[in-house]
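The values are calculated or read from the model by the stated rules, or taken from the named source; none is laboratory data. The structure presented is a predicted model; accordingly, all values stated were derived computationally and were not measured. FYI the Cβ positions are ideal-geometry reconstructions off the backbone, even for glycines, and counts take in every protein chain you see. Surface accessibility is based on the protein's heavy atoms, side chains included, excluding ligands, DNA and RNA. Shrake-Rupley method; radii C 1.70, N 1.55, O 1.52, S 1.80 Å.
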Amino acid sequence: MSERSQQQTGRTAAHDAVHDSAFLRACRREPVPHTPVWFMRQAGRSLPEYRKVREGIPMLESCMRPELVTEITLQPVRRHNVDAAIFFSDIVVPLKAIGVDLDIKPGVGPVVAEPIRTRADLERLRPLGPDDVPYVTEAIGMLTAELGATPLIGFAGAPFTLASYLIEGGPSRTYENTKAMMYGAPELWAELVDRLAGITAAFLDVQIKAGASAVQLFDSWAGALAPAEYRKYVMPASAKVFDAVAHHGVPRIHFGVGTGELLGLMSQAGADVVGVDWRVPLDEAARRVGPGKALQGNLDPAVLFAPREAVEAKTREVLEAARGLEGHVFNLGHGVMPAMDPDALTRLVAYVHEQTAH
């Protein structure tokens, strides 16, 4: 066999192993050897090895260094034995890549120098192309070579959450400027989120083409909306993103915080897997989401600060509520917190695997 044939055979074998992984099987609602586990923000501040490699490097710069992205993405896979890696990046990376003047300030989050408030401001949001994010393509190529049979999840911020950052100029608790545009200038709002949907879809497309096996759309702030508002002002843009990447055939996950009242609509937007925070039990979430979807979640992250027996008891509650689901990916109901003990996460992965092994 020629060297090229051997390489192709190796690539095919790796692809088949990823395709048959517990994580992707659960996303497709197929039988699994055990419930797969991964954690939002698993690559990050709770890991001493992460803090060491990030030392002195600003967040956005660290997202643009392929070797660093690869190392950070791999760290929790090595340490915790999770069933999937999630690409280390940030939801504002595509905005930075098209020239939006923003920075991620420690202890604050993304801060936009000139918030978008008028039609003229929209012109700053040009389409995103693969050449804008070459470091993403390079890092994912390096990662898929290292990950072997472990799938890689790509991700992006949803149009509503990105719009909120752009309009408010940074994090917000009340979203007054965002909602003022939504209600008071609905045509401008629709144009803004439609542009963001195009940018988001292009960012996910780059990740999938580079080798991501699944993608997650984070609508972190959608819980600030009532269902009627979500349906009218947000759902069309999110649906546009999901539709744009549907032809790739990779599982599409949709997650937001405080979205218990929106689960059915978030499902209708086009996700294959609906992420659930800790406020709604998974059996009730399944009723709201409807048939034909897998669920992801949903242990309260704060439980991990409790003693081991309490963590295991609450984990069993989640697994019991998930018993009748068509597909279940175990996750926290939100991201890993910086002060969390990494060993608690490692034990949690092992416990879920042990409890659900067939």
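Note the full-extension length gain between ASP194 and ASN81 as 0.36 nm times their separation in residues minus their Cα-Cα distance, in nm to one decimal. Show your work: numbers first, answer last.
Working: separation 113, 0.36 × 113 = 40.68 nm, distance 3.84 nm.
Going from the current span to full extension adds 36.8 nm.
Per 5 Å bin, what is the whole-percent P(r) computed from every C-alpha pair distance within segment 248-331?
3, 16, 28, 23, 15, 9, 4, 1, 0
Per residue, how large is the accessible surface of segment 237-358? Use a 1.4 angstrom probe and give square angstrom.
Accessible area per residue, segment 237-358: 40 Å².
Does anything in segment 288-321 have its amide N under 17 Å from the 7 Å Cα→Cβ label point of ARG28, and if so which residues?
292-295
Under 5 Å between amide hydrogens, which residues at least 5 positions from ASN331 or on another chain qualify, with H placed 1.01 Å from N in the peptide plane?
HN-HN under 5 Å from ASN331: GLY297, ASN298, LEU299.
Give me a comma-separated list of calculated 3J(HN,Hα) values for segment 150-157, in order, Karplus coefficients 6.51, -1.76, 1.60 applied at θ = phi - 60°, integers in Hz, x for any Gly or Pro.
Using θ = phi - 60°, the values come out as 8, x, 10, 9, x, 7, 7, x Hz.
Quote the FRET efficiency, to the nearest 0.05, computed for ASP300 versus GLU326 with a Förster distance R0 of 30 Å and r equal to the Cβ-Cβ distance. Mind dumping the intermediate values first?
Values: r = 23 Å, r/R0 = 0.78.
That gives a FRET efficiency of 0.80.
Would you report the distance distribution of C-alpha pairs in the chain as whole percents per 10 angstrom bin, up to the bin with the largest distance?
Answer for the chain: a P(r) of 5, 25, 35, 25, 8, 1, 0 percent.
Starting from the Kirkwood Rh over alpha-carbon pairs, what translational D in µm² s⁻¹ does segment 1-137 have by Stokes-Einstein at 4 °C and 1.567 mPa s? Show your work: numbers first, answer last.
Details: Rh = 18.0 Å.
Value of D from the Cα-based Kirkwood radius: 72 µm²/s.
Subtract the Cα-Cα distance of ALA350 and ASP20 from 0.36 nm times their separation in residues, and report this length gain in nm to one decimal.
On the way: separation 330, 0.36 × 330 = 118.80 nm, distance 2.01 nm.
In short, 116.8 nm is gained.
Going through the DSSP H helices of the chain, which span 30 Å or more along their own axis at the Cα atoms while scoring at least -1.0 as a mean Kyte-Doolittle hydropathy? Provide the component values of the computation, followed by the final result.
Details: long enough: 186-210 (36 Å, 0.60).
Length and hydropathy pass: 186-210.
At 1.4 Å probe size, with the rest of the protein present, what percent of the exposed accessible area of segment 83-131 is carbon and sulfur atoms?
Values: 1230 of 2280 Å².
Result for segment 83-131: 54 percent of the exposed heavy-atom area is carbon or sulfur.
Highest GNM mean-square fluctuation, the chain, Cα pairs closer than 10 Å: which of PRO342, PRO134, PRO94?
Answer for the Gaussian network model of the chain: PRO134.
Once you put a point 7 Å from the Cα of GLU61 and another 7 Å from the Cα of ARG308, both along the Cβ direction, what distance in nm separates them?
With each label point 7 Å from Cα toward Cβ, the separation is 4.1 nm.
Quote to one decimal, in nm, the extra length available between MET337 and ALA149 on full extension: 0.36 nm per residue of separation minus the C-alpha distance between them. Let's see the in-between values first.
Working: separation 188, 0.36 × 188 = 67.68 nm, distance 2.73 nm.
Separation in residues times 0.36 nm, less the Cα-Cα distance, equals 64.9 nm.
How much net charge surrounds LEU60 when only other residues with a Cβ under 13 Å from its Cβ are counted (Lys, Arg +1; Asp, Glu -1)?
Values: positive: ARG54, ARG65, LYS96, LYS105; negative: GLU61, ASP90, ASP101, ASP103.
That works out to 0.
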